[in-house]
Amino acid sequence: TAMTIQMIPARNCILSSRNVRRTAGASTSLDELIASIEARGVLQNLIGFAIPKKKGKFEITAGGRRLAAVHALIEGGRCPADYEIPVFVMNDTSAAAETSLAENFQRLAMNPADECLAFRYFIETEGKTAEDVAKRFGLTTRFVEGRIRLAGLADEVFEALQTGDISLEIAKAYAAATGGDRAG
């Protein structure tokens, strides 16, 4: 089957564990997104794939915030229970994490901690090099290597970066000072 955009009931969609964004983007709150979707509908398709052995169910790899907003509208009775959302349905589940990362890079800036984890995923799980990852996402190898170093920060420093308690600059300084050795 060709990859197509299909209208799928939101209730049949779940957020994929392959979605690379773990922290919400800072540009719009979920409440703002809910209000926007209530007023104008879902303006940009989500990306996902059919779940094998679960007929009619889809795993969403990009567009998790939009999916959460629609689910909230349905739960709040502000959208019908059978509300449909546009989903670009992929055939290949192995491309899911890559597509999620590419879509998130093109949209609002991801949390640097999410970038770190995503790049590390491709390097450790798929055996890619920093150069491979850089080419794949139109980034410099130096940028990817810098994020990989940050992924090696001590857990508490990495968590502070993830939650926004420390800035990217402070995390980079810590990585440079410690050599990025992951402790604890």
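The values are calculated or read from the model by the stated rules, or taken from the named source; none is laboratory data. From a predicted model like this one, the values you see are computed outputs, not experimental measurements. Please note that ligands, DNA and RNA were not included when accessible areas were found on the heavy atoms of the full protein model with its side chains. Shrake-Rupley method; radii C 1.70, N 1.55, O 1.52, S 1.80 Å.
When the surface is traced with a 1.4 Å probe over the full set of protein chains, Lys128 keeps roughly 70 Å² accessible. Cross-link partners of Lys57 among aspartates and glutamates, defined as those whose alpha carbon lies under 20 angstrom from its own and excluding same-chain residues fewer than eight positions apart: Glu75, Asp82, Glu84, Asp92. The length gained on full extension between Glu145 and Ser29, counted as 0.36 nm times the residue separation minus their Cα-Cα distance, comes to 38.7 nm.
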